[in-house]
Amino acid sequence: MTAHPKTCPTTGELHFFGYGSGTPPYLTYHRADAAGQLVVSRPIDVPAATMMHDFHLTARHVVFMDLPMVHDRGRPGMPYAWDPEYGARLGVLRRDDPHGEVRWLEIDPCYVFHALNAHDDGDQRIVLHVSRYAALDGRTPSFLWRWTIDLAAGTVAEEQLDDRFGEFPRMDDRLTGQPARFGHVTAGEAPGTGPIPGALLRYDLRTGAVARHDVGPGRTPGEAAFAPADDRPGGPGWLITYVYDATTDTSDLVILDAEDITAGPVAAVHLPHRVPYGFHGNWLPDPAG
């Protein structure tokens, strides 16, 4: 099962997929309704078993990424290998026709572990933001890119938005599948390029402006979860992350004002030991209010 299921904020449905490496189908799309009942489970035909970590959800579409990390059973260690000859493509499925045709559109070979968000732009365009690797070879860093699918033309416009290495993109999860103005990315050490000061980046996806908070020398931030300050999606809130300090071998829980990350932390909880590096986290409000 995918590491990144997505909940539609409008319907409450949970969208997710499974991928396998044995016999076809190598990809299966699933949907559960707001009550938690599985209502859709359909195989999707793809040429081979690939490592499919994330996908995209909009108000009207589901978009799959069939990328060239191909299963290799004989490979030592992780049984997937980078194979640009496999090609790369995006598969678009209409949410109102979950058993219908998946329309595949070719893109340049690349790999994406994590999507920031996606949304429909009119009737024929889909906009997606991703942390994109030109190759998954252990040396090539990822950068923030925008893909714009034109369904009428059957094309995908690909655009790199920044030249700063970044991963673990996050936003206000209440805007999943909707236009979101702001996204947050964790910057750190880029493979093969030497250390980059650990930082959190806040992208204004409308204007292109980027705000930056450096966590300091020898300190490494993790993924920043967004905690809303009120009930307005896309409104104010806080970014919460663990920051590891190599000089003390301890970690801090750091809280930033998402609207002014350059001002530095509004609070930091100094922990007496190291928090091991992790990948992801979420902010869950107190159900008692």
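Suppose R0 equals 30 Å. What FRET efficiency, 1/(1 + (r/R0)^6) with r the Cβ-Cβ distance, do T11 and V210 give to the nearest 0.05? Present the calculation step by step, with values, prior to reporting the outcome.
Numbers: r = 33 Å, r/R0 = 1.10.
Once the sixth-power term is evaluated, E becomes 0.35.
Among L116, T250, G74, pick out the residue whose Cα is farthest towards the positive end of the charge dipole of the chain, where Lys and Arg carry +1 and Asp and Glu carry -1 on C-beta, about the Cα centre.
Result: G74.
Give me the extension gain from D83 to D137: residue separation times 0.36 nm, minus the current Cα-Cα distance, reported in nm with one decimal.
Working: separation 54, 0.36 × 54 = 19.44 nm, distance 1.01 nm.
Value of the extension gain: 18.4 nm.
What is the distance, in nm, between label points placed 7 Å from the Cα along the Cα-to-Cβ direction at E158 and at D249?
Inter-label distance under the simple model: 4.4 nm.
Are there any trypsin sites (Lys or Arg not before Pro) in the range 65-96 that are in a DSSP loop and have at most 11 other Cβ atoms within 10 Å? List them by number.
Numbers: sites: R73, R89, R94, R95; in loops: R73, R95.
Here the sparse-neighbourhood loop sites are R73.
Quick one: 3J(HN,Hα) in Hz for the range 47-55, Karplus 6.51/-1.76/1.60 with θ = phi - 60°, rounded, Gly and Pro as x.
x, 7, 7, 10, 7, 10, 8, 9, 7
Within a 10 angstrom radius of the beta carbon, how do H99, H30 rank from fewest other beta carbons to most? Can you show the working numbers first?
Details: H99 8, H30 18.
Fewest to most other Cβ atoms nearby, the residues stand as H99, H30.
Give, in nm to one decimal, the length gained when the segment between D108 and A3 is fully stretched (0.36 nm per residue of separation minus the Cα-Cα distance). Write out the running numbers ahead of the final one.
Working: separation 105, 0.36 × 105 = 37.80 nm, distance 2.40 nm.
That works out to 35.4 nm of additional length.
So, in Å, what gap is there between the alpha-carbon centers of the range 1-66 and the range 203-238?
Measuring centre to centre over Cα atoms gives 28 Å.
Quick check on the range 1-161: take the gyration tensor over C-alpha atoms, sort the square-rooted eigenvalues as a ≥ b ≥ c, and tell me if it's rounded (a/c under 1.5), prolate or oblate.
On the way: a/c = 1.69, a/b = 1.19, b/c = 1.41.
Judged from the Cα gyration tensor, the range 1-161 comes out oblate (a/c at least 1.5, b/c at or above a/b).
Most mobile of D214, D120, D230 per a Gaussian network model of the chain (Cα springs, under 10 Å)?
D230
Could you list log10 I(q)/I(0) for the chain at q = 0.07, 0.10 Å⁻¹, which the Debye formula gives when each Cα is one point scatterer?
Rounded to two decimals, the profile gives -0.27, -0.56.
Mind running the shape call on the range 156-266? Use the C-alpha gyration tensor, a ≥ b ≥ c as the square roots of the eigenvalues: rounded below 1.5 for a/c, prolate if a/b tops b/c, oblate otherwise. Display every interim value, and only then the final one.
On the way: a/c = 2.17, a/b = 1.25, b/c = 1.74.
Oblate, since a/c reaches 1.5 and b/c is not below a/b.
Which net charge results for the neighbourhood of T148, defined as the other residues with beta-carbon distances under 11 angstrom from its beta-carbon, given Lys and Arg at +1 and Asp and Glu at -1? Let's see the in-between values first.
Details: positive: R125, R146; negative: D121, D150, E158, E159.
Surrounding charge for T148 is -2.
Rule-based calculations on the coordinates, nothing more; no lab input. Since we're looking at a predicted model, the values are computed, not measured. No Cβ is skipped: glycine too gets one built from the backbone with ideal geometry, and neighbour counts run over all protein chains shown.
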